[in-house]
Structure formats: C-alpha cells, structure tokens
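S.K.: This is the structure I have questions about; it appears just below.
FYI, it's all coordinate maths here, none of it is from the lab. Note that the structure is predicted; figures quoted are calculated from it, not measured. Quick reminder, even Gly has a Cβ in these numbers, built from the backbone with ideal geometry, and neighbours come from all protein chains shown.
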Amino acid sequence: MIVPFLNLKSQYQSIKSEIDEAIQSVFESGIFVSGPAVQNFENEFKRLYEVQECIGVGNGTDALFTILKGLGIGPGHEVITPAFSWISTSETISLTGAQPVFADVDEEFYTVSPQTIESKITNRTKAIVVVHLFGQVAPINDIKDLCQRKNLLLLEDCAQAHLSRENGTLAGKFGTAAAFSFYPTKNLGAYGDAGCVITDDGHLGEKFRRFANHGGLIKDEHLFEGMNSRLDPIQAAVLTIKLKHLETWTEKRTECANFYSAAFQNVNDLKVPSKRQNTHHTFHVYAVRSDHRDALQTFLNGRGIQTLVHYPCALPFEPAYSHFNYKANDFPVAYNLSKTLLSLPVYPELTIEQREYVVEMTKKFFIK
Ligand SMILES: *Cc1c(COP(=O)(O)O)cnc(C)c1O
C-alpha cells in the first residue's frame, strides 16, 4: 500500500465541478487582479472569523510582513518569535529592519509560552509574533496578559491554525492582527500562493490594504511606499469554494489524529502530540516523537508510507542566523524537537485502510 504524505489530487477530484466552475467564472469576468472574486472571499472569511477587516495578500509571508510594516516595526525594535517555526515568522521581522529574538518553545506543546517569552523582553521589544504551530493554539490568553503588562503588541501567525480555537474563540482573534497562509498544503490551501491578514481595527486594516497595494486603495494613489502583494482572483475563487468544506475537512483531520493517538499508547518511546486543555487542535501536522526518528522514517518509507520532518533544523541554527552564533543549549527544546519529531500523513482524504496501515507499520517498527 502507498500512503502519500498528502493527496491534493484526490481532494481536487472531490470538488472538481465546483472548482472548475468558479475558475471559469473568473476567466469569463475578464478581471484578473482584485475585483469581485477577491472581495467575495474576503467577505466570507470576515464572516467566518467575525472580524472587521480581511485583506487578501499574495501569501502568508507577505501577510506577516504587511502586519509588521503596517504597525511601524523597524530598525531599533526587537520582536520575539518562536525558535521552532517556519522561517517566514522570523525572516519578515528581519526584513523590516527589526531584530528577531527567538524564544524557546514548550516541551509539551511545541509553542512559545509566557515562561519562555518573558526573559527575552528588553526595552526594545515591540511585539511578539506567536505561532500556533501544527494547529495547536499557544497559551494565547496568558501571553496576551503578558503583552498587556509589558505594553507589547500581540501578533498571531495562523498559517497552520485555520479554525483552531481556545475556549471557543478562533486563533487569530486574540492579537492586534493575524496572518494566514493559504499555501496549497495548508489546512485551507489555494492552487498556488495566497494569504490574508485579519484585524478588528479598521484604521489598521486600511493601512495593511494600502501597504499591500503600493500605498493606495485605488489606482494612482500612493500615500506611502508599499508593495505589490494582492490576493489573486483565481485563488480567491478557489478559496471561496474550499472554505465551505473547511469545517468538515478539519473534523476528518482531528478524527484521524485521535485514531493515531489512541493506537499509539505505550508503544516503546513513541510520544503522541499533546493537546492543550480547552483548545481545539486542528492538526495541520500530526507529529510523533521518538529517539529513533530517522530509523522510523526510513522503515516507513520502505513500506510506502511517506512522512516529513517539521523541522529538521530549528530556526536559530539555520545558516541564515549563523551570525547570532547560537548553541544547541541556547534553545534546548527546539533543538531536541528538530531531532525527534516525525510528521505522519493526516488529511481528510486519507482512507481508513491507509491510516490503519500507518498504525500497523509504525507499531511493527518498534516491536520487530
Ligand atoms: C506556511 C507558513 C508561513 C508562510 O506562508 P506562505 O504562504 O508559504 O508564505 C508562515 N508561517 C508559518 C508558521 C507557516 O507554516
């Protein structure tokens, strides 16, 4: 049996007629930048998240950059961000001219916590970019309290956390603004690059929208220098269709994750992902932990099961940050996670036979 890590082709087949019709209608409209398809998606996303503003942008990285620039983050500022995430989170901070300051992540939940953040705060700290990694909501209310006490901006990277919740509140609604990615493999994925920013602050929302469109809301208006990072109408049309399925797809993911976690009790040193209390973890990634990670990956690969490592190198140790000269024990948890985590296939189209096979083979590796 073959179990691909993800199967976007089978997802497309399941919604083909809706998607084809939506794309066709953009082609026929003759409007290939901005326009009603983009507005339509922004409105639907705003309605789902119950926020004032949704600004479609080119991708999740630009969404983060737009937020930071729109809030005036720049040279002389420090922004605290997790040592364990995708590089967009830290690289966009550097791109503004500010300095990314890494905080280690929590051993249990893989996200930053008030404890890991607090010692990194200096009088130059302006903001904290929290990442709800793998779909797990970080302890966002506690971090929000910390931000209020220290007068810091709270920003959320929701690229992996569509529909994740804490106490019923959607991740992305706790901070000043949140960035979403719709990269094809994300829980809500376009058929190309796409992203958006949400905020409840109308004034900020307008600034973000201008920044992503050369400083203007209309053609030939340039109140300040920005960039060109708009949500493509074809992608917007795809996303509007997919958004309708997101809740069902997310349920299937969590069901699969629960199936794995129940099956992997007491299997050697295999540790299943923990879930923070009172949260809805949406399992963008289902990552198990084992000291035998590399051998397990090779074993599964040999039996047709594709896995991935998120992430083989924690951010502070990437060549891009070699100038900081960090050592493994500066960020021991992030370092250790990069050596022990293995992501198993988890997606709505995974069949019952496939997930049973993943369990069977994983157990076989440890029991052989
Ligand atoms: C995917 C991702 C991004 C960036 O999204 P792109 O759309 O690929 O630019 C940012 N942060 C995290 C945590 C991500 O996983």
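S.K.: Across region 81-108, which residue is farthest from the ligand (Cβ to nearest atom) among those that are under 15 Å from the mean Cα position of the chain (by Cα) and assigned to a loop (DSSP other than H, G, I, E, B)?
M.R.: Going through the qualifying residues, I end up with Ala83.
S.K.: Output the residue which, of all residues in region 120-138 that are surrounded by fewer than 24 Cβ atoms within 10 Å (Cβ to Cβ) and part of a loop (DSSP other than H, G, I, E, B), is nearest to the ligand (Cβ to nearest atom).
M.R.: Looking at the filtered set, the residue picked out is Lys120.
Results for (1) in contact with a Lys or Arg (Cβ under 9 Å, 6 or more places away or on another chain); (2) within 16 Å of the ligand (Cβ to nearest atom), shown as yes or no for each residue.
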{"site": "Ala178", "(1), (2)": "no, yes"}
{"site": "Tyr183", "(1), (2)": "no, yes"}
{"site": "Lys186", "(1), (2)": "no, yes"}
{"site": "Ala190", "(1), (2)": "yes, yes"}
{"site": "Ile198", "(1), (2)": "yes, yes"}
{"site": "Gly202", "(1), (2)": "no, no"}
{"site": "Leu217", "(1), (2)": "yes, no"}
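S.K.: Right, here's the next one. Taking Trp86 and the conditions (1) among the aromatic types (Phe, Trp, Tyr); (2) over 22 Å from Gly58 (Cβ atoms); (3) surrounded by fewer than 23 Cβ atoms within 10 Å (Cβ to Cβ), which numbered condition does it fall short on, given that it satisfies the others?
M.R.: So Trp86 meets the others, but not (2).
S.K.: Follow-up. Anything in region 171-209 that is of a type in the set (Phe, Trp, Tyr) and surrounded by fewer than 24 Cβ atoms within 10 Å (Cβ to Cβ)? List them, or say none.
M.R.: If the condition is that a residue be of a type in the set (Phe, Trp, Tyr) and surrounded by fewer than 24 Cβ atoms within 10 Å (Cβ to Cβ), then Phe174, Tyr183, Tyr191 are the ones that fit.
S.K.: Here is a check on your reading of the model: is Ala212 crowded, with 24+ Cβ neighbours inside 10 Å, more than 11 Å from the ligand (Cβ to nearest atom), over 19 Å from Ser85 (Cα atoms) and in contact (Cβ under 8 Å) with a residue 24 or more places away in the chain?
M.R.: yes
S.K.: I need the full set of residues from region 8-51 which are crowded, with 17+ Cβ neighbours inside 10 Å and either assigned to a loop (DSSP other than H, G, I, E, B) or among the hydroxyl-bearing types (Ser, Thr, Tyr) (or both), in order please.
M.R.: Hits for region 8-51 are Tyr49, Val51.
S.K.: May I pose another question? With the checklist (1) among the polar types (S, T, N, Q); (2) assigned to a helix (DSSP H, G or I); (3) in contact (Cβ under 8 Å) with a residue 12 or more places away in the chain in hand, flag the one item Asn329 doesn't pass.
M.R.: (3)
S.K.: If you take the residues of region 254-282 that are out of contact with any helix residue (DSSP H, G or I) (no Cβ under 8 Å at 6 or more places or on another chain) and closer than 17 Å to Arg355 by Cα, which of them is surrounded by the most Cβ atoms within 10 Å (Cβ to Cβ)?
M.R.: Ala257
S.K.: Looking at (1) touching an Asp or Glu at 6+ places or on another chain (Cβ under 8 Å); (2) in a loop (DSSP other than H, G, I, E, B), can you tell me which one Ala320 breaks?
M.R.: (2)
S.K.: Condition test on Cys147, is it free of Cβ contacts under 8 Å to residues at least 60 places away in the same chain, over 30 Å from Pro345 (Cβ atoms) and in contact with a strand residue (DSSP E or B) (Cβ under 9 Å, 6 or more places away or on another chain)?
M.R.: yes
S.K.: Is there any pair linking a residue in region 234-256 that is under 15 Å from Ile23 (Cβ atoms) to one that is crowded, with 22+ Cβ neighbours inside 10 Å and of a type in the set (Phe, Trp, Tyr), with Cβ under 6 Å and at least six apart or on different chains, and which?
M.R.: Listed by first residue and then by second, the contacts come to Ala236/Phe41; Leu239/Phe41; Leu239/Phe182; Thr240/Phe41.
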